[in-house]
């Protein structure tokens, strides 16, 4: 950011008093411009022992399968964000059950939050960002065609946890260059 979002004057890189990071600071009004991680909210949607996946109609990872998820909006909770993204991408209404997986992805400044949810009424479709949506049993999952490592990790957690019916929350830090969502 070369110019202040508040007054339009030039910014300079410096460490503000009491801070430890280099930030963009306005040379005129002194506003500090922070760049913070983005929160991605999504849902692991379950219906009759199957999981709902969406085939991406957008980049990154066009044509690959993912869980419905996207950037959290201002003034919504993480649960509301997960339900909204599911509605937008899979045209599905869900009942959020629990926080299920959280992934720190520091390399790209994201926090990925997934909730375990139940599909309401068994209805789903394909929103504007989705080529198609489909329910998959464990043996039908297109493992080699999953869009992101976070999706694979979540599905593996679910199918392991389902054997014991213990769905504890999973927290991990992911680090490879493809560990992100769109």
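Read the figures in this text as sums done on the coordinates, not as results from a lab. On a predicted model such as this, the values are computed, not experimentally measured, just so you know. For neighbour counting, all protein chains shown are included, and Cβ atoms are generated from backbone atoms with ideal geometry for every residue, glycine included.
A few notes on this one:
- Against the chain, whose longest principal axis is taken from its Cα atoms, helix 149-164 shows a tilt of about 40°.
- Shape analysis of the range 10-76 yields a ratio of the Cα radius of gyration to the Kirkwood radius, Rg/Rh, of 1.26.
- Across the range 56-103, C-alpha contacts under 8 Å between residues 6 or more apart give a mean separation that, scaled by the residue count, equals a relative contact order of 24 percent.
- Length released on extending from residue 35 to residue 167, taking residue separation times 0.36 nm less the Cα-Cα span: 44.2 nm
- Shape summary: the range 48-89 maps onto an equivalent ellipsoid whose semi-axes, from the alpha-carbon gyration tensor, are 20, 15, 6 Å in decreasing order.
- Restricting the calculation to alpha carbons of the chain gives Rg and Dmax of 19.0, 61 angstrom.
- What the pair-distance distribution of the range 62-142 shows, using all Cα-Cα distances binned every 10 Å from zero, is 17, 47, 33, 3 percent.
- In this simple spin-label approximation, residue 2 and residue 95 carry label points 7 Å from Cα along the Cα→Cβ vector, and these lie 5.5 nm apart.
- For the range 27-171, the relative contact order comes to 29 percent (Cα pairs under 8 Å, sequence separation of at least 6).
- Estimated 222 nm signal from helices in the chain, with DSSP H stretches of n ≥ 4 weighted -39500 (n - 2.57), rounded to 500: -5000 deg cm²/dmol
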